[in-house]
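Read-outs: derived from the displayed coordinates by stated rules, not from any lab. The structure displayed is predicted, hence computed values, not measured ones. All Cβ positions, glycine included, derive from the backbone under ideal geometry; neighbour counts span all protein chains shown.
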Amino acid sequence: MAYVARKIPFVGTPETNPETKPFFDGSAAGKLMIRRCTKCKKAHWYPRSLCPYCFGECEWEQASGKGTIYTFSVMERGNPPYAIGYVTLAEGPKMLTNFVDCELKDLKIGQDVTVTFVQTENDGPTMPMFKPV
């Protein structure tokens, strides 16, 4: 049975704080926001105030939203079935995400993907997810 994932249940609502608010504001505006170190210039994910590589200060930047599938898993017993995995962003970091707007059986490691923003259930936040190009 083919299933095209789209509606993603989201248990609970992530809480924003001053450190993550720009990420959620960006998602609501259709922008994928990541952090980049002002010292070593490396981009990273998950957003944090200090660089995980050199402990330098970081600033927000808009990512291109392009990437490739690094790994994934299809949860066929889910109701509805869904796929999660890691995407290697064009900027370098790997990001855990859901895959949507696709035939789950057609996902492949190395496949090009692009960000899309999905409104979560129960008026939850808009979250970045990825779909095949």
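Laid out as a table, the results:
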{"item": "Relative pair counts by distance (%), Cα atoms of the chain, 10 Å bins", "result": "13, 40, 34, 11, 1, 0"}
{"item": "Anchor K41: aspartates and glutamates whose Cα lies under 14 Å away (excluding residues fewer than 8 positions away in-chain)", "result": "E57, E59, E61, E91"}
{"item": "Longest site-free stretch - the chain; sites: chymotrypsin sites (Phe, Trp or Tyr not before Pro), DSSP loop, at most 13 other Cβ within 10 Å", "result": "56-133"}
{"item": "For Y70, distant residues with modelled amide H under 5 Å away", "result": "Y86, V87, T88, G110"}
{"item": "Residue-span extension gain [E121 to E61] - 0.36 nm each, minus C-alpha spacing", "result": "18.9 nm"}
{"item": "Partners for K105 among lysines (Cα-Cα distance below 27 Å; same-chain residues under 8 apart left out)", "result": "K7, K66, K94, K131"}
